[in-house]
1. Does the stretch 706-728 contain at least one residue that is among the acidic types (D, E) and either modelled with pLDDT under 95 or under 30 Å from G509 (Cβ atoms) (or both)?
2. Among S469, S515, which is buried (at least 19 other Cβ atoms within 10 Å of the Cβ), in contact with a Gly (Cβ under 6 Å, 6 or more places away or on another chain) and either closer than 26 Å to D696 by Cα or modelled with pLDDT of 95 or more (or both)?
3. Of all residues in the stretch 253-263, which are under 18 Å from S242 (Cβ atoms) and touching a residue at least 24 places away in the same chain (Cβ under 8 Å)?
4. Does at least one position in the stretch 94-102 carry a residue that is surrounded by 15 or more Cβ atoms within 10 Å (Cβ to Cβ), more than 22 Å from D191 (Cα to Cα), touching a Gly at 6+ places or on another chain (Cβ under 7 Å) and not aromatic (F, W, Y)?
5. Just name the residue that is surrounded by the fewest Cβ atoms within 10 Å (Cβ to Cβ) out of those in the stretch 552-563 that are among the hydrophobic types (A, V, I, L, M, F, W, C) and closer than 16 Å to L618 by Cα.
6. Tell me yes or no: at least one residue of the stretch 141-149 is crowded, with 16+ Cβ neighbours inside 10 Å, modelled with pLDDT of 95 or more, more than 25 Å from S108 (Cα to Cα) and among the β-branched types (V, I, T).
7. Being β-branched (V, I, T) and more than 19 Å from G51 (Cα to Cα) is the filter here, so list the residues in the stretch 192-222 that pass it.
8. Any chance the stretch 603-616 includes a residue that's among the aromatic types (F, W, Y), under 28 Å from Y511 (Cβ atoms), surrounded by 21 or more Cβ atoms within 10 Å (Cβ to Cβ) and at pLDDT 95 or above?
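The values are calculated or read from the model by the stated rules, or taken from the named source; none is laboratory data. Owing to the predicted nature of the structure, the values given are computational and were not obtained by experimental measurement. Because the Cβ atoms are built from the backbone with ideal geometry, glycine has one as well, and the counts that use them run over all protein chains shown.
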Amino acid sequence: MMHLNYPRQKEKSTPAYTFLSIVLLLFCHLSLSAQSVLLGDNAPYPNVNDGDFNLIQAGSWRLGLQSPFWTPSNEPQKEGHSMGLVTGRYFSSFDYAYIDSKPLNINSDYQNLKPGDELNWSLGADLEYISNGSLSLHLFFGEQERILAEKVKLIGSDKTVEHFSGSYTITKEDVAAGTPHIRVSFYSNEDVKVFLEYVNLSVKAPEKEGPTLSGKIVADGIRLDWTDKKANSGGKFSVYRSKSKNGEYKKLTTTPDSVFTDTNLINGMAYSYVVTRLDTSESVGSNKVLLKKLDSEAPAPPSTLKIEALQTEIKLEWNKSIDVDVASYSVYRGDANGNHLRQIAHDLTSTQYVDFTPKKEDYNSYVLFAHDHSGNKSKASQLVRAKVKAVSGTSFSDLILPMPIHKQLRTDLWGAEGVLPRDPDNGIEDPEWSYWGGRPVKDQDNKYHMLVTRWPANATKGHWEWPNSTVAHVVSEAPTGPYKVKKDTAYGFHNGLGHNPDIILLNDGTYMLYSLVDWEATLFTSKTMNGPWNRLGTMTVDWKSTNEDEKLSYRYYRNLSGVQLEDGRFLFVTKAGEMMRSSTDDPLGPYTVLTDQIRYNPIIPEKYRNSNYEDPVLWKDEVQYHMMINAFWDYRAIYLRSPDGIHWKFNPGTAYTPDNTSYEDGTRTHWYKLERPHVLQDEYGRATHLSLAVIDVPKADDLARDKHSSKNIVVPLTVHKRIKMLNKKKIDSTTKKIKILVLSEAGFDAQKDIDLASLRFGASEEVDFGKGSKVSKTKKKGKDLIVEFDGSGNGITALNFAGKLLGKTNEGKLIIAYSKLSASEH
């Protein structure tokens, strides 16, 4: 075994920019061009033996995909660890594992090893998180091992590739031992991924030396110059270009000259160039030169902007900018007069966009901008305006109110620019902890309690430490916070480990807790939110009676939310939105799956259906069942209603988006993602507040010892008014008179506060669009108000199980309520 010295070089994954007026020399790599490649980079020709791990494209590490040119030492996924391909890299999270290349004897120009031959090697690697991960590079001749690099030092959490290189001279013993191959050994702990970006191995071959290339930015493009001491008079050269440092190279030209100017390029894009010599055969490639030309001229804006008002959305379409160097478009939305423009979408590469969050009952104005690869922004497009067809109160997001400010909005907190300033006393927040989801409950002590997931903010994996989270008990005097930790772990089982906790309100006034403990759906019960929480056991689901792939059966146990039915049985919604019900009043089951995933439900409009749903919340009130579920690909959620918790009706529009958080003084925040919805219910089951887990950056960017994290916020809602149907016969579209009783309550006087002319009642399909029955007369009844509607236009059909009331108070505030369709149903 032989140990060799090697130099280490650190280079950001995104190369550093050096600005030269309006041009940019991005990178110039003077690699050796006199070589026979055994493994890896062989530009402009294809990579040899998949040394860059791009032969098979793997979008997720969970797939465990492998390269046909490399053999792993371990099963790709075993005992919580994994190894395989992901996004052009090879990774391993095993404590120790390795991959072996195929024998490196496919280069026809180098079949026979010779003592004294010099091998040049290089590799690039990275470490997922700050930890003790490293790797080693071994060169084998038969069974004889040479260690080229031993446990190289890698820096985690910086998203920076470390580069290592060196050389090795072949000995007589190597030649006698046999054909060479490469082994890369991975060392890790805490299931942290060690990434191998590339491995290169070549034989120094002066006789094969190619041209030496240089380049510079000129007025009309990128000029390339090269020299070649091996070129014959009358010889020619081929110029190749790639749109990235390691992309596919395409031939631009063949020329007898030693200079070429590339004028057919897009300003702002980086290009990699390689030149070869043409004699009796084509030489190896020159060194690579990577250049980018910038300009300072703004592109033309997009043109022919078209706008279409949909039910709750507004669709925009446009013609591309006439400039070829445009990289993307951004959309800005303003008020009816085109003022107060605010960016609502960016980095768009298509020529259409659907705004899912326009303001209702008023015009929304839009302008677009084009952005080129050089960083220039166009002038605004023409302004267009439209008003959606639906009215306020159609969508659940219309119920979201600004958050009260407890003390003050602060900027001296963790977080990206979009979440500052904010109120750290809203919900629960602590710089030492990352919080992620909990349901607020008002208990018998008149305090507000949450059992909430958390993990140390500076844990090794940052946000991805969540599999090791615990469930804490936090309490507040007010529904919006501040919540303070009362008990570090809500229960003693498994040292408090748990994730995605949800509280089920039981019919007898006590509580049941669902928590994912060690990947098992575990249930606890307690008489109060203060505990103690007694473990019942783990849930069982008869999922094999469905068509579900066994690999995805975990969705029946994770991210669950449930209610207890009137007959004592339990109804749960699964991670993907399937409904399942217990056979008896035993909450552990077994459960029978009753429906398919929510995204396959035809009641969901196509524009909402094509997403990946998770994080549902289920609740019921006096009238109906409610569900919200998060479409995490699209950064929004949907809301549905049901008469029985099984057959659902889609509510138009969004339930929430990152655009929905603001404070009473008008300050807005824009969290990167809102997930894990829960609601605070009052004694009638009505949702009064929405609790959300929020994060300021993509989860992969929330690392240890940085300024990013997550917390729980609690947002007030417009609460449904309580109304009762007085018609004894079930109403339908032929009903001539409809009478409802509007109940007064604290803060709402049904006899004085209602703008009666604004009230509409009937099917949601009518009322949501300003139609429905109008008030014909009213009558006081005690503190309450009987409202009679002219039944014409109510739109009630067999598809409706509840009537909807929409209107405004005399102060212009939203009134929303639902009722059964007959007095006997209440």
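1. The initial filter retains those residues of the stretch 706-728 that are among the acidic types (D, E), namely 706.
From the residues that got through so far, the ones that are either modelled with pLDDT under 95 or under 30 Å from G509 (Cβ atoms) (or both) too are 706.
Scanning the stretch 706-728 turns up at least one residue that is among the acidic types (D, E) and either modelled with pLDDT under 95 or under 30 Å from G509 (Cβ atoms) (or both).
2. Details: S469 fails: in contact with a Gly (Cβ under 6 Å, 6 or more places away or on another chain).
After ruling out the rest, the residue left standing is S515.
3. Applying the first criterion (under 18 Å from S242 (Cβ atoms)) to the stretch 253-263 yields 253-254, 260-263.
Scanning the stretch 253-263 gives T254, F260, T261, D262, T263.
4. To start, the set of residues in the stretch 94-102 that are surrounded by 15 or more Cβ atoms within 10 Å (Cβ to Cβ) comprises 94, 97-102.
If we keep only those that are more than 22 Å from D191 (Cα to Cα) as well, we get 101-102.
Checking the rest, the ones that are also touching a Gly at 6+ places or on another chain (Cβ under 7 Å) come to none.
Within the stretch 94-102, none of the residues are surrounded by 15 or more Cβ atoms within 10 Å (Cβ to Cβ), more than 22 Å from D191 (Cα to Cα), touching a Gly at 6+ places or on another chain (Cβ under 7 Å) and not aromatic (F, W, Y).
5. Looking only at the stretch 552-563, we keep the residues that are among the hydrophobic types (A, V, I, L, M, F, W, C), and these are 552, 560, 563.
Narrowing further to those that are closer than 16 Å to L618 by Cα: 560, 563.
Values: L560: 25, V563: 20.
Only one residue tops the list, namely V563.
6. Yes, the stretch 141-149 has at least one match.
7. We begin by selecting, within the stretch 192-222, every residue β-branched (V, I, T); these are 192, 194, 199, 203, 212, 217-218, 222.
V192, T212, I217, V218, I222, listed by residue number.
8. Pass one, the stretch 603-616, residues among the aromatic types (F, W, Y): 608, 613.
From the residues that got through so far, the ones that are under 28 Å from Y511 (Cβ atoms) too are 613.
Okay, now just the ones that are also surrounded by 21 or more Cβ atoms within 10 Å (Cβ to Cβ), so 613.
If we keep only those that are at pLDDT 95 or above too, we end up with none.
No, there is no match, as no residue in the stretch 603-616 is among the aromatic types (F, W, Y), under 28 Å from Y511 (Cβ atoms), surrounded by 21 or more Cβ atoms within 10 Å (Cβ to Cβ) and at pLDDT 95 or above.
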